[in-house]
1. All but one of (1) out of contact with any strand residue (DSSP E or B) (no Cβ under 7 Å at 6 or more places or on another chain); (2) modelled with pLDDT under 90 hold for residue 122; which doesn't?
2. Could you figure out which of (1) at pLDDT below 95; (2) over 30 Å from residue 144 (Cβ atoms) isn't true of residue 95?
3. Do the conditions hold for residue 66, that is, is it surrounded by 18 or more Cβ atoms within 10 Å (Cβ to Cβ) and away from the ligand (no atom under 16 Å from the Cβ)?
4. I'd like the full set of residues that are within 14 Å of the ligand (Cβ to nearest atom), over 16 Å from residue 110 (Cβ atoms) and not in a loop (DSSP other than H, G, I, E, B), limited to segment 11-61.
5. So, residue 46, is that one touching a residue at least 60 places away in the same chain (Cβ under 8 Å) and outside the structural domain of residue 154 (by TED's automatic domain parsing) or not?
Ligand SMILES: [Zn+2]
């Protein structure tokens, strides 16, 4: 049990039987709740879950709106893997040395994780992509090399740069090492 009690008083809003954006049946549950992040402050978390087709997604938003920004983080050691990452559904992620960026499915999802969590999501997507029968030898080799590269990053043997860009200002990398560049929203 928590002593402060503050967390317990926060409301969770749940609306059931809403139309699912994927299967269009009225079987989706929307929920919204707030968390207090020790570094980024209060954050609203939105989730959607469909009982009919199992679609689920989540997003988040800072209660006190942030500024549109671009974050650049050099991942240089195993320790850097535990750096906290807050990613909204509007955030684009890139790892230039692997020439990869998020696809639309991961791109529209918001979540709180760490650097390792971001890399693992990339890894999952690349593994799925690798199974595609339409790939030629060269493409498959390229994906294999990325997976090998990720293993080296996990082991602290390879340095890479992680870039995040969020026009909505709802993302952050919590580290003294991160370089933050303010950007003007595309809109
Ligand atoms: Zn559905």
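The values are calculated or read from the model by the stated rules, or taken from the named source; none is laboratory data. Note that the coordinates shown come from a computational prediction; the quantities given were computed from them, not determined experimentally. No Cβ is skipped: glycine too gets one built from the backbone with ideal geometry, and neighbour counts run over all protein chains shown.
1. Here residue 122 meets the rest and fails (1).
2. It is condition (2) that residue 95 fails.
3. Here the answer is no, as residue 66 does not meet what is asked.
4. Those that are within 14 Å of the ligand (Cβ to nearest atom), over 16 Å from residue 110 (Cβ atoms) and not in a loop (DSSP other than H, G, I, E, B): 16, 17, 18, 28, 29, 50.
5. yes
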